[in-house]
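Right, one structure below, let's go through it.
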């Protein structure tokens, strides 16, 4: 049970008992209409990474129920409806704040946070294939160039994470994965990322790249990077 205070002053404050199943409808004193929950605004082509960031932020706020449909709109015009409507209006504003100005204006007409979320999903998330194609193409074209190894890895990591949102790695369906398929698929995924990382490295790392490729099993990218940094320091 959560206790909230209401009233114009501490002396007039009265305790309001909020049941655990109603906590998602409670707004905190720090919540305000100008809040921006994510750093990167929705522009359209970043929908999947954006939606994951928004969902994570709403989970922290215990408000995910509103956009996934679990927080059902109360019937009538009683106190439950007023509390739900106030919280839902705040969420709708937060989501609009996380969109570019042009997109926010286009979706200003929506009646609830759930409706807004579904409309955005219909507009930008209906088919993953074009985005998967674009991300795979970008990953294949990334090269180190003038970037440091850390900067190069960070750029690839961002693209890999976006791709993971669209096309998650397959998982074994057997209980506890006693067949070892999950481990094999994880290792294959890690090896593919390492190969992609090695392909884009500058030619100065050819010797170190060759040594890494001779290892069995192949290390993960995060384990290979220190080897390259150490090799670079030795060559100075």
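The residues on offer are 176, 140, 210, 145, and the sole one that is modelled with pLDDT of 90 or more and in a loop (DSSP other than H, G, I, E, B) is 145. The helices (runs of 4 or more DSSP H) located wholly in region 1-100 that include 2 or more residues which are at pLDDT below 85, surrounded by 15 or more Cβ atoms within 10 Å (Cβ to Cβ) and under 24 Å from the mean Cα position of the chain (by Cα) occupy 47-60.
Is one or more of the residues making up region 105-114 in contact with a helix residue (DSSP H, G or I) (Cβ under 7 Å, 6 or more places away or on another chain) and within 27 Å of residue 167 (Cα to Cα)? Within region 105-114, one or more residues are in contact with a helix residue (DSSP H, G or I) (Cβ under 7 Å, 6 or more places away or on another chain) and within 27 Å of residue 167 (Cα to Cα).
The values are calculated or read from the model by the stated rules, or taken from the named source; none is laboratory data. Just so we're clear, the structure is a prediction, and the values are computed from it rather than from any experiment. Quick reminder, even Gly has a Cβ in these numbers, built from the backbone with ideal geometry, and neighbours come from all protein chains shown.
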